[in-house]
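Below is one structure, written out as structure tokens; the observations come after it.
The values are calculated or read from the model by the stated rules, or taken from the named source; none is laboratory data. Quick caveat: nothing in here was measured; it's all calculated off a predicted structure. For neighbour counting, all protein chains shown are included, and Cβ atoms are generated from backbone atoms with ideal geometry for every residue, glycine included.
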């Protein structure tokens, strides 16, 4: 039994569902749905003068009713084939039902985007509730013209997560475990595993995955391109799949699981700093790079300019001052984040000894020029 909130009563268990499609004349409408759209007849009555026909196909069931009132409705049918092979178009059934034929597999649409300085502060956090009850804080409110989204996500109470197997139609997506731990499962990547604080994964395009369980106070940082992208449920796949295919290709990328506890630190592009590489540059063939950086004796980074597509930082621990050409200094503390646009000279000054920050760039090795100092 299902509870009906509007009536306050119980709804009997549903055995099947049908969408009612009215028509003036059943025969030509039925012919269109069976002959033109490839659906099949499940029920038709009365036999001597049919007035109702139930047809099914493509994952839906329609009840064609002659003489019924109401809008004939619209259908969206996704057509297979190679990307670019099919052009979207609309056809109409004899009863007026609008049928939109669209390609099933379309390229990821990435807006041109804009370059701008963005600084968000944990002290000003405005948390909202998103998918599966998780809390979201937007780290790039303007989304850089729709090109990038960055979210600080938390699950305050922990325990089992009401997630389902799903995937994203994206160009780039990564998850960094900031606080606590989270148990996850990924398609063809072995048994479920636990991401601890400091660990990170690259979620390649369309890899099926599911969040299973989280510690109280879990926090992660998630970055994706484009900002608006589809999330699709996969009700047919069970995770784990029982396979471990570390070199599998997912849309030109490989899955990455970075374990902070076994990572090696090495000199960074700024003198007096060091970093641990997440491994995303190699797995995306240079599309994106992700690092955690920290001072190794220096108090400030070298002043530079970059000509990359995207440069994002999230202060994991400690504090610093972001100094950027022709702007007021920005004092940054733990939990604050920033996006540095291409062109202006910038540096991080007065870095605390315990400073650590997440550094995400597109491309993996952005063009960088020395500053004037």
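Brief remarks on what is shown
- If only residues of the range 197-211 that are in a strand (DSSP E or B) and modelled with pLDDT of 95 or more are counted, the one that is farthest from residue 362 (Cα to Cα) is 210.
- Going through (1) outside any loop (DSSP other than H, G, I, E, B); (2) touching a residue at least 60 places away in the same chain (Cβ under 8 Å); (3) more than 19 Å from the chain's Cα centre (by Cα) one by one, residue 257 falls short only on (3).
- For the range 29-66, filtering for residues that are buried (at least 17 other Cβ atoms within 10 Å of the Cβ) and not in a strand (DSSP E or B) leaves 6.
- All of (1) in contact (Cβ under 8 Å) with a residue 60 or more places away in the chain; (2) touching a strand residue (DSSP E or B) at 6+ places or on another chain (Cβ under 7 Å) hold for residue 207 with one exception: (1).
- Candidates 122, 202, 144, 139: the one that is under 23 Å from residue 244 (Cβ atoms) and either surrounded by fewer than 21 Cβ atoms within 10 Å (Cβ to Cβ) or in the same structural domain as residue 238 (by TED's automatic domain parsing) (or both) is 202.
- Within the set 323, 299, the sole residue that is over 16 Å from residue 269 (Cβ atoms) and out of contact with any strand residue (DSSP E or B) (no Cβ under 7 Å at 6 or more places or on another chain) turns out to be 299.
- Lone unmet requirement of (1) at pLDDT 90 or above; (2) under 22 Å from the mean Cα position of the chain (by Cα); (3) within 27 Å of residue 178 (Cβ to Cβ) for residue 112: (3)
- Qualifying residue in the range 215-238 (condition: touching a helix residue (DSSP H, G or I) at 6+ places or on another chain (Cβ under 6 Å) and not in a loop (DSSP other than H, G, I, E, B)): no
- Any hit, the range 311-320, residues being touching a strand residue (DSSP E or B) at 6+ places or on another chain (Cβ under 7 Å), at pLDDT below 95 and surrounded by fewer than 18 Cβ atoms within 10 Å (Cβ to Cβ): no
- Scanning the range 260-289 for residues that are within 23 Å of residue 309 (Cα to Cα) and assigned to a helix (DSSP H, G or I) returns 280, 281, 282, 283.
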